Each structure stands twice: as C-alpha cells, then as structure tokens.
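**Student:** Just passing along the structure, written as structure tokens.
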Amino acid sequence: MQTYTQTQISAWLRGLMRIALADGDYSETERQLFAEFASSHHSQTEIDPAQPISPAELAIALGDDPKVRQDFLRTAVMMAMADGNYSAAEDVVIQEFCTALQQEVKPMTELKLKLGDSGEHHPDLLTPIKEWLDHLEIKDDRLAKFICKVIPAQCPFERDVMLFGRKIAHIPAMCKINPLFDQLMGLRFRSLNYLAEKGVDVTSYCQ
C-alpha cells in the first residue's frame with residue numbers, strides 16, 4: 001500500500017506545508033490537517049511550520065524519478081488552488097520547487113502568458129491544468145488519505161476563482177459549475193477507490 005518511502009512522504013508533506021504557508025494565511029483547517037497526519041497517519045513524520053523544507057532538500061528526498069517529481073508538483077498546485085485563490089506568493093514557492101526538481105508545470109506557464117493579455121478571461125483557460133491534474137496517479141495510501149482530506153466531500157461555498165490576483169471564474173453555490181469540479185472530485189474518487197481496494201474503511205472520508 002505504501003509505494004513511497006517515509007523520507008519521500010515526509011518531504012512531500014513538508015513541501016505542501018510550505019505552499020500552505022506561502023500566502024501568510026495558515027488557516028485552522030490547514031493546521032488541523034497537518035497535525036492529524038503528523039500524529040495519526042505519519043507518526044515518524046515531523047511537520048514543523050517553523051522549519052520549512054528547502055527546494056534542495058525536497059529534490060534530494062524525492063529522488064530522481066521525473067514521475068514522482070511531477071506528481072508532487074500536481075499535489076502542490078492542487079494545494080495552492082484548493083481555496084480558489086492561486087496567489088503570486090504560492091506560485092513563487094512552486095517555481096522554486098520546479099527549479100530544484102528540474103521540472104516545469106507547462107500548463108501553468110502557458111496560463112501565465114494568457115493572463116498577461118488584457119480582456120475578459122474564461123474558465124476554459126483552466127483546461128490544460130485540468131488535463132495535467134488528471135494524470136496524478138494514486139499509488140500510496142498515505143497520499144490517498146491526504147487527498148481525501150484536502151478535497152471536501154461536499155460542495156464548497158460560492159466564491160471567485162483567483163489566479164495571480166485576477167478573477168478568472170466565479171463558482172456559484174452549484175458545485176458542478178465549478179471549473180475544477182470534475183478534476184477534484186475525480187481525484188478524490190480515485191483516492192477513495194484505491195483505499196477501498198486496499199481494504200481501508202473509507203467511511204470517515206465520505207462524510
């Protein structure tokens with residue numbers, strides 16, 4: 001059930017915490033999420049917000065496999081976009097990780113160029129990001145549980161989708177209109193399905 005080493009998972013979660021801290025708004029929900037995984041699911045994993053992981057440390061810990069590195073970046077972007085606001089501060093951290101990992105998030109690079117143009121922006125701009133996120137392979141129970149916690153089972157509240165301070169879409173109360181709904185719910189479903197096939201009781205993740 002556990003494909004990644006403890007060192008990889010520890011670095012992975014520390015990297016995601018750095019994303020969570022990047023915008024200066026480390027919410028109580030995020031605190032509880034990381035605290036739960038540090039104490040319950042990953043007893044050997046230290047996740048200390050006072051000691052954020054450096055890009056170089058992350059690269060060493062994750063190893064040289066490009067697929068592992070890309071999957072980490074997929075979860076990093078997902079973490080940054082979870083609240084509907086992908087900020088410039090979060091992007092700086094993700095780009096630092098990209099440099100250290102010798103990887104590029106091409107859909108995000110293309111999106112930045114398109115957002116640089118004036119005029120009204122359409123949710124279809126997110127299509128490349130959606131397709132890229134769809135390639136995240138679930139093959140570790142710890143990562144699957146984390147995803148099930150990060151992505152809520154119920155519809156989010158009405159809000160705007162912001163990228164680099166620009167509003168590109170509005171999410172009404174009807175969550176199926178959320179431009180990332182299919183990708184996020186699909187990722188959550190794949191994680192739940194993976195856990196269920198491994199014999200894990202997923203009841204608590206379905207509430």
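**Student:** Consider region 4-30. How many of its residues are among the β-branched types (Val, Ile, Thr), surrounded by fewer than 22 Cβ atoms within 10 Å (Cβ to Cβ) and modelled with pLDDT of 85 or more?
**Tutor:** 2
Residue-by-condition table, conditions (1) assigned to a loop (DSSP other than H, G, I, E, B); (2) at pLDDT 90 or above; (3) closer than 26 Å to Gly24 by Cβ:
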position	(1), (2), (3)
Leu58	no, yes, yes
Val68	no, yes, no
Phe72	no, yes, yes
Thr99	no, yes, yes
Thr109	no, no, yes
Lys112	no, no, yes
Gly119	yes, no, no
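**Student:** Please verify whether Tyr86 is among the aromatic types (Phe, Trp, Tyr) and modelled with pLDDT of 70 or more, treating the condition exactly as stated.
**Tutor:** Considered against the rule, which asks whether it is among the aromatic types (Phe, Trp, Tyr) and modelled with pLDDT of 70 or more, Tyr86 comes out as yes.
**Student:** Counting just the residues of region 53-78 that are more than 9 Å from Leu101 (Cβ to Cβ) and touching an Asp or Glu at 6+ places or on another chain (Cβ under 8 Å), which one comes out surrounded by the most Cβ atoms within 10 Å (Cβ to Cβ)?
**Tutor:** Only one residue fits best here, namely Asp71.
The values are calculated or read from the model by the stated rules, or taken from the named source; none is laboratory data. What you see is a predicted model, and the numbers here were worked out from it, not measured in a lab. Note: ideal-geometry Cβ built from the backbone for every residue, glycine included; neighbour counts use all protein chains shown.
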